Amino acid sequence: MNIKLNQKKVYFASDFHLGAPNFEQSRLREEKIIKWLDEVSNDAAAIFLVGDIFDFWFEYDKVIPKGFIKFIAKISSLRDSGIPIFFFSGNHDLWLKDYFTNELKIPIYHQPIEITIEGKRFLIGHGDGLGPGDEFYKFLKRIFTNPFFKWLFKWLHPDIGIRIAHAWSGKSRLSNMEKQEDQFKGEEEWLWAYCKQIDQSKHFNYYVFGHRHLPLDLPVGKNSRYINLGEWVSQFTYAVFDSEGIQLKKFEQ
């Protein structure tokens, strides 16, 4: 796949965590995200939403989670206006299925994708489960993505299933805070290590990921950079690629 800029820009954001930690704070964040989408739509050649957009999402056969209607309406409007939108699942919304594809014509990606933008090669994905370490999470992900487990979960009443999921999500955030996961780990940054490993066999100009909740711009190899997009719970960071290259920025209303 090849995207041409035509004097426009490509935008990347991740980890909105809509729905967390409560309705009031999530609604304020949703309004800020919509203002950002309004702003970037003026010159966007494409928009990449790189996982954990929702703090939890599960598509039952006939039901989707309540809320987020303003955000969904906004990306639907942007898609109708002709702006390509690329939507990735993350570890919090890994049960995205086909609702956005069928209703909004927005593709869902569950694995990193390779794409060329104005002649530059990108590897883009959420980032969970990649690189060395974190074996316990990788084990859990295999369980959560197992078709049998998903089939079992869907038989829970949505009020019960979603309440359990939000409790698990909150526990996960507290655990990450206790482990100081929001601090730079130097050479032990596992997504950075993953990019270096990939670059030894297949070169990309840019590796763009989310998940870490830490905005990073680090060298990988010759003419390669690893970009982590940060998050929108407190930082409101995103990346923009244009004819000059890629930059991390913070959205200020």
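The values are calculated or read from the model by the stated rules, or taken from the named source; none is laboratory data. Given the structure is predicted, the values throughout are model-derived calculations rather than measurements. Positions of Cβ are generated from backbone atoms using ideal geometry, with glycine treated the same way; all protein chains shown enter the neighbour counts.
Ala20 meets all of the listed conditions (1) closer than 29 Å to Cys195 by Cα; (2) under 18 Å from the mean Cα position of the chain (by Cα); (3) crowded, with 17+ Cβ neighbours inside 10 Å but one, namely (1). Here Ile143 fulfils each of the conditions (1) hydrophobic (A, V, I, L, M, F, W, C); (2) over 25 Å from Tyr194 (Cα atoms); (3) in a helix (DSSP H, G or I) apart from (2). Only one of the numbered conditions (1) surrounded by fewer than 20 Cβ atoms within 10 Å (Cβ to Cβ); (2) of a type in the set (Val, Ile, Thr); (3) within 22 Å of Gly19 (Cβ to Cβ) is not met by Ile106, and that is (1).
Return yes or no: is Gln200 modelled with pLDDT under 95, in a helix (DSSP H, G or I) and surrounded by fewer than 17 Cβ atoms within 10 Å (Cβ to Cβ)? Yes: the conditions hold for Gln200.
Being modelled with pLDDT under 90, of a type outside the set (Phe, Trp, Tyr) and more than 25 Å from Lys74 (Cβ to Cβ) is the requirement here; does Pro112 meet it?
For Pro112, the condition - modelled with pLDDT under 90, of a type outside the set (Phe, Trp, Tyr) and more than 25 Å from Lys74 (Cβ to Cβ) - is not met.
Looking only at segment 145-197, filter to residues that are acidic (Asp, Glu) and farther than 24 Å from Pro65 by Cβ; which one of those is modelled with the lowest pLDDT? Give the derivation first.
Narrowing segment 145-197 to residues acidic (Asp, Glu): 159, 178, 181-182, 187-189.
With the extra rule that they be farther than 24 Å from Pro65 by Cβ, the set shrinks to 178, 181-182, 187-189.
Numbers: Glu178: 46, Glu181: 60, Asp182: 71, Glu187: 82, Glu188: 81, Glu189: 90.
Among them, the one singled out is Glu178.
Pairs linking a residue in segment 217-228 that is acidic (Asp, Glu) to a residue that is not in a loop (DSSP other than H, G, I, E, B), with Cβ atoms under 7 Å and 6 or more positions apart or on different chains, are Asp217/Arg225; Asp217/Ile227; Asp217/Leu248.
Filtering segment 5-17 to residues that are more than 16 Å from the chain's Cα centre (by Cα) and aliphatic (A, V, I, L, M) leaves only Leu5.
Whenever a residue of segment 139-156 is under 15 Å from Leu96 (Cα atoms), its partners that are surrounded by fewer than 14 Cβ atoms within 10 Å (Cβ to Cβ), lying with C-beta atoms within less than 6 angstrom and at least six residues away or across chains, give the pairs Phe149/Ile143. When Asp15, Asp61 are checked against the criterion of being under 23 Å from Val233 (Cα atoms) and of a type in the set (Asp, Glu), Asp15 stands alone in meeting it. The set of residues in segment 204-253 being surrounded by fewer than 16 Cβ atoms within 10 Å (Cβ to Cβ), at pLDDT 95 or above and not in a strand (DSSP E or B) is empty.
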